[in-house]
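Report on the following structure.
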Amino acid sequence: MKVILPVAGKGTRLRPHTHTKAKSLVHVAGKTVLEHIINRLAPLNVSEYLFITDENGQQIEDFMARKFPELKCRYFVQQQRLGPAHAVALAAPAVAADEDLLVVFNDTIFVTDLSAIPELCAGADGLIYSKEVEDYQRFGVNVVQDGRIVDMVEKPDTPVSRLAQVGLYYLKDGRSFIDYIEQTVAAGETVKGEYYLPAVFMRMIAAGLTLRAPEIDAWLDCGKPETLLETNRFLLQGRHHIHGEVENTVLIEPVHLEQGASVKDSVIGPNVSIAAGSRIEKSIISDSIINGEGRVMNMNLEKSLLGDAVVLTGSPRRMNIGDHSIIEMDQ
């Protein structure tokens, strides 16, 4: 199996945190989003990871070489922003005939048993992983009859289905899937000038292929600051890891304190992750993510997201601060 990871995109919903880094390298619960995803692919026999990158591609390459040097990776740059289907098709040179594919988009951390793919896909050609949601109007949904997808509707007005597509796709014949994308592009089937995968899947269904919609256990959105904090809370459940230095501090579980971080004279938690190199003093912090090399002093923070190398001193606030910021506030 090969895995395609489209990691291009500006990550505008996560600004200012994506001004200086790829959105998949934003931290949550002590790891980058990309690291969470790669760890979840461990049960699979992956021969090669195919990354679709943009101008931040070198950051992705450096991270993978440092964190996962044992994995075989190849990188393709999406020069034109022509949509997700176009991005996936860029990996075509690396996909051989009859080679199966898993496509994983990086706004989402998923919880599901990928080792069940052979059983789930028996007698079918692919899997469009889904999750039942209440706010179906926000998503593209799968319409299922007799265990197979018969239609896909983008942001339906009526509840034709509540099975939202989560950005995780398995194709038994990867080369054929790429061919269907290329047919869609040649036909000019765009939405606002971009190529999307539902048009490709509908073309496959019309040709008689069978696609199923297995439901994942959890769908953890990392695309916006507020959902990133929700994901942080979810991933920290049952994980209270203190690897850094703690002095005269109350820790309210769960807290993830990385090695190289220090906390002094503070109250930390619940649901707080603090990255390596950060120093927290005389502060009260809950439901927050503090990225690396930051300094927080005399602060009361709740539901806050601080980027790398932030210096923050002052009085209680709710903050959303990008990398390398320096904030000073009077008491």
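The values are calculated or read from the model by the stated rules, or taken from the named source; none is laboratory data. Since the structure is predicted, the reported quantities are computational estimates derived from the model, not experimental observations. Glycine also receives a Cβ, built like all others from the backbone with ideal geometry; neighbour counts cover every protein chain displayed.
Remarks
- Checking Leu197, Leu211, Leu220 one by one, the residue that is in contact with an Asp or Glu (Cβ under 7 Å, 6 or more places away or on another chain), among the hydrophobic types (A, V, I, L, M, F, W, C) and not assigned by TED's automatic domain parsing to the domain that holds Ile268 is Leu211 and no other.
- The residues of region 204-223 that are within 24 Å of the chain's Cα centre (by Cα) and either buried (at least 16 other Cβ atoms within 10 Å of the Cβ) or within 17 Å of Ala89 (Cα to Cα) (or both), listed by number, are Leu211, Arg212, Ala213, Pro214, Ile216, Trp219, Leu220, Asp221, Cys222, Gly223.
- Among (1) under 19 Å from the mean Cα position of the chain (by Cα); (2) more than 26 Å from Thr227 (Cβ to Cβ) - the single one Thr112 does not satisfy: (2)
- Subset of region 231-251 that is in a loop (DSSP other than H, G, I, E, B) and modelled with pLDDT under 95 - its residue that is farthest from Asp308 (Cα to Cα): Gly238
- Given (1) out of contact with any strand residue (DSSP E or B) (no Cβ under 8 Å at 6 or more places or on another chain); (2) touching a residue at least 24 places away in the same chain (Cβ under 8 Å), number of the condition Glu253 does not satisfy: (2)
- Within region 185-203, the set of residues being assigned to a helix (DSSP H, G or I) and surrounded by fewer than 23 Cβ atoms within 10 Å (Cβ to Cβ) comprises Val185, Ala186, Pro198, Ala199, Met202, Arg203.
- Selection of region 85-107 for residues being modelled with pLDDT of 90 or more, touching a Pro at 6+ places or on another chain (Cβ under 7 Å) and not β-branched (Val, Ile, Thr) yields only Ala87.
- Selected residue (only one of Leu305, Leu301, Leu312, Leu251 is within 19 Å of the chain's Cα centre (by Cα) and not aromatic (Phe, Trp, Tyr)): Leu305
- Strands (runs of 3 or more DSSP E) wholly inside region 82-162 that include at least 1 residues being surrounded by fewer than 21 Cβ atoms within 10 Å (Cβ to Cβ): 108-111, 126-132, 140-145, 148-154
- Of the strands (runs of 3 or more DSSP E) lying entirely inside region 260-331, those carrying at least 3 residues that are surrounded by fewer than 19 Cβ atoms within 10 Å (Cβ to Cβ) are 326-328.
- Qualifying positions in region 189-217 - touching a residue at least 24 places away in the same chain (Cβ under 8 Å) and of a type outside the set (A, V, I, L, M, F, W, C): Thr190, Gly193, Glu194, Tyr195, Tyr196, Pro198, Thr210, Arg212, Pro214, Glu215, Asp217
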